[in-house]
Amino acid sequence: LPEDGYIITCEIDPIAIHFAKRFFDKSPHGRKVILKEGHALYTVKKISGPFDMAFIDADKENYLNYYEALLPMVRSGGLIVVDNVLWSGRVLHPKETSDHAIQRFNQMVRFDHRVEKVMLTVRDGIALLRKC
């Protein structure tokens, strides 16, 4: 990150927040991390862009909601990275709510002309979405 760059991260779990803050405090770059506590869907509504990049790896049932909330905040040419888009193959024969949610997300993004996209088969699948 450049000297004036920063990262905003959202976290709901108090244990994870405490753990993360300890390491932010130890890092010379910790001052560049802004940790927003609370449910990310509500937190995202309280921040504004433009951002160069967004990373989605939260509750799977809300992937589409996170995507729609973040896309307007990402600058043209910016990147949205989405984790777990293959969901251990469960998107092929979805049974659970999370399986169906990720399958719906993948289908919607597939036909979304607002982004250029590629899905990497690294680990559990990563989608790279470049905003047009």
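The values are calculated or read from the model by the stated rules, or taken from the named source; none is laboratory data. The shown structure was predicted, so the numbers you read here are calculated from the model rather than taken from an experiment. Cβ placement follows ideal geometry from the backbone for every residue including glycine, while neighbour counts extend to all protein chains displayed. Ligands, DNA and RNA are excluded from the accessible area calculation, which covers all protein heavy atoms including side chains. Shrake-Rupley method; radii C 1.70, N 1.55, O 1.52, S 1.80 Å.
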| message | Quick check for me: using +1 on Lys/Arg Cβ and -1 on Asp/Glu Cβ, what's the dipole size of the range 1-91 about its Cα centre, in debye to the nearest 20? | response | 160
| message | Can you give me the solvent accessible area of residue 29 with a 1.4 Å probe, rounded to the nearest 10 Å²? | response | 110
| Protein accessible area in the chain, 1.4 Å probe - carbon and sulfur % | 58
| query | Rounded if a/c is under 1.5, else prolate if a/b beats b/c, else oblate: with a ≥ b ≥ c from the C-alpha gyration tensor eigenvalues square-rooted, which is the range 1-53? | reply | oblate
| Rounded to 5, percent antiparallel among DSSP beta bridges of the chain | 50
| message | At 1.4 Å probe size, what's the solvent-accessible area of residue 24? Round to the nearest 10 Å². | response | 50
| message | At R0 = 41 Å, how high is the FRET efficiency between residue 13 and residue 113 if r is their beta carbon distance? Nearest 0.05 is fine. | response | 0.70
| Mind checking the dipole of the range 48-132: about its Cα centre, +1 per Lys or Arg Cβ, -1 per Asp or Glu Cβ, Debye to the nearest 20? | 280
| said: Taking 25 Å as R0, compute the FRET efficiency from the Cβ-Cβ separation of residue 130 and residue 25 and round it to 0.05. | reply: 0.15
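Around residue 116, what is the net charge, scoring Lys/Arg as +1 and Asp/Glu as -1 over all other residues with Cβ under 13 Å from its Cβ?
So the environment of residue 116 carries a net charge of +4.
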| query | Among all lysine pairs in the chain that are eight or more places apart or on different chains, how many have alpha carbons less than 25 angstrom apart? | reply | 22
| Accessible area, probe 1.4 Å, largest first, for residues 25, 124 | 25, 124
| note | Rounded to the nearest 10 Å², the 1.4 Å probe accessible area of residue 92 is 130
| request: Multiply the residue separation of residue 32 and residue 75 by 0.36 nm, subtract the distance between their alpha-carbon atoms, and state the gained length in nm to one decimal. | output: 13.5 nm
| Can you give the convex hull volume of the alpha carbon atoms of the range 30-132 per residue, in Å³? | 108
| message | For the chain, take the longest principal axis of its alpha carbons; what is the angle in degrees between that and the long axis of helix 14-26, to the nearest 10 within 0 to 90? | response | 50
